[in-house]
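Engineer: Sharing a structure here in structure tokens format.
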Amino acid sequence: MRKKMVAGNWKMNNTISESLQYLDVIKDKINNNDIDVVFCVPSLNIMKIQDKLENTKISVGCQNMHFEESGAFTGEISAKMLKEAKVQYVIVGHSERRQYFGENDEIVNKKTVQALKHGLTPITCVGETLENREQGITIELVRTQVKVALNNISKDDVVKVILAYEPIWAIGTGVTATSAQAEEVCKEIRKVLTEIYDKETSDKVRILYGGSVNGKNAKELFSMENIDGGLVGGASLKPEFEQVVNYLEGK
Ligand code: 13P
């Protein structure tokens, strides 16, 4: 069966000292062996955080990387750099990258391919805007996002990809998708995976839900058949994160 996962996306929050202070509070409370836990942190903080999290159950991830090997790409970070820093996970195609930095489905595909090439685990994000949802094109749009993101990725490689469904209208708004809404789309994503690959492969791929996940709603969301955990923004910056990770103990 698929192992559950909770990935915290810190976004552009926490200096190094703030990170270390927060990790002092939270790190020993995360000791659930049934769940993979990762903090995707600002890249400048990675090395210090790696040291801090040694011998804990928390892995370190990055929030973005470039799809080229190296070269004249000012301000960017390569897969090779992340690998050498012993980073395992990298978020690819977050909606904020798409919205503010012009990333499209093709770029998301190139980054996903590049992460796999270097043995990193991409957490590849898809999701619709409120306008898309009101237009009734959520399923169609997410199907296309998944298909393009996974273009030219083999059956053996796709099982290493983690997909994250993050409806943009639910990000940072406090408005969570209902468990039924989230499950509907995650189920459809699994269906697309079966269409592209096969059922056996599709059943192995982890699909996360993201968008205003917190200590209170995690249990219901993560208990859905096709939701294998969460990609968590705001609540990953607070001690409340412990309740998201230990969601089974929640009410
Ligand atoms: P929030 O949990 O703050 O809504 O953010 C979700 C997100 O974008 C995680 O990548």
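Engineer: Could you work out what % of the accessible surface of the chain is carbon and sulfur, using a 1.4 angstrom probe and leaving DNA, RNA and ligands out of the count?
Structural biologist: Carbon and sulfur together cover 50 percent of it.
Engineer: Taking Cα pairs under 8 Å and at least six residues apart, what relative contact order does the chain come out at, in percent?
Structural biologist: RCO, the chain: 20 percent.
Engineer: What fraction of the DSSP beta bridges in the range 123-251 is antiparallel, stated in percent and rounded to the nearest 5?
Structural biologist: In the range 123-251, DSSP labels about 0 percent of beta bridges as antiparallel.
Engineer: If you average the alpha carbon positions of the range 1-68 and of the range 176-251, how far apart do those two centres end up, in angstrom?
Structural biologist: 18 Å
Engineer: Let me ask another. Please work out how much length the chain gains when fully extended from E140 to D34, using 0.36 nm per residue of separation minus the C-alpha to C-alpha distance, in nm with one decimal.
Structural biologist: Separation in residues times 0.36 nm, less the Cα-Cα distance, equals 34.8 nm.
Engineer: Could you state the accessible area per residue of the range 5-129 in Å², with a 1.4 Å probe and every protein chain left in place?
Structural biologist: Result: 48 Å² per residue.
Engineer: Please report the antiparallel percentage of DSSP beta bridges with both residues in the chain, rounded to the nearest 5. Please report the intermediate quantities before stating the final value.
Structural biologist: Numbers: 0 of 30 bridges.
The answer is about 0 percent antiparallel.
Engineer: Return the ratio Rg/(2.2 N^0.38 Å) for the chain, where Rg is computed over Cα atoms only.
Structural biologist: Relative to the 2.2 N^0.38 Å estimate, the chain comes out at 0.94.
Engineer: Using 0.36 nm per residue of separation minus the Cα-Cα distance, give me the extension gain between Q50 and N152 in nm, one decimal.
Structural biologist: 33.5 nm
Engineer: Counting only heavy atoms of protein chains, what accessible area per residue, in Å², does the range 158-251 have with a probe of 1.4 Å?
Structural biologist: 41 Å²
Engineer: Is the C-alpha gyration tensor of the range 53-133 telling us rounded, prolate or oblate? Criteria: a/c under 1.5 is rounded; beyond that, a/b larger than b/c is prolate, otherwise oblate.
Structural biologist: Taking the square roots of the gyration eigenvalues as a ≥ b ≥ c, the range 53-133 is oblate.
Engineer: Just to verify a number: FRET efficiency for K57 and N104, C-beta to C-beta distance, R0 = 35 Å, to 0.05? Don't jump to the answer; show the numbers that get you there.
Structural biologist: Details: r = 35 Å, r/R0 = 1.01.
Given R0 = 35 Å and the Cβ-Cβ separation, E is 0.50.
Engineer: Moving on to the next point. Given only helices, namely DSSP H runs of n ≥ 4 each adding -39500 (n - 2.57), what is the per-residue ellipticity at 222 nm of the chain, to the nearest 500 deg cm²/dmol?
Structural biologist: So the calculated ellipticity at 222 nm is -11000 deg cm²/dmol.
Engineer: Same structure again: Put +1 on the Cβ of each Lys and Arg and -1 on the Cβ of each Asp and Glu in the range 106-175; which of I139, G119, G174 then has its Cα farthest toward the positive end of the dipole?
Structural biologist: Most positive-ward Cα: G119.
Engineer: Enumerate the residues in the range 120-161 having an amide nitrogen under 13 Å from the point lying 7 Å beyond the Cα of K191 toward its Cβ.
Structural biologist: From the range 120-161, the list is 138-144.
Engineer: Then there is this: With r defined as the distance between the Cβ atoms of L130 and I16 and R0 fixed at 25 Å, what FRET efficiency is calculated, to the nearest 0.05?
Structural biologist: E between L130 and I16, to the nearest 0.05, is 0.10.
Engineer: So what are the range 130-174's ellipsoid semi-axes, whole angstrom, largest first, if each one is the square root of 5 times an eigenvalue of the alpha-carbon gyration tensor?
Structural biologist: Details: eigenvalues 126, 39, 6 Å².
Over the Cα atoms of the range 130-174, the semi-axes work out to 25, 14, 6 Å.
The values are calculated or read from the model by the stated rules, or taken from the named source; none is laboratory data. Quantities reported herein were computed from a predicted structural model and do not represent experimental measurements. All Cβ positions, glycine included, derive from the backbone under ideal geometry; neighbour counts span all protein chains shown. Calculation scope for accessible area: heavy atoms of the full protein, side chains included, ligands and nucleic acids excluded. Shrake-Rupley method; radii C 1.70, N 1.55, O 1.52, S 1.80 Å.
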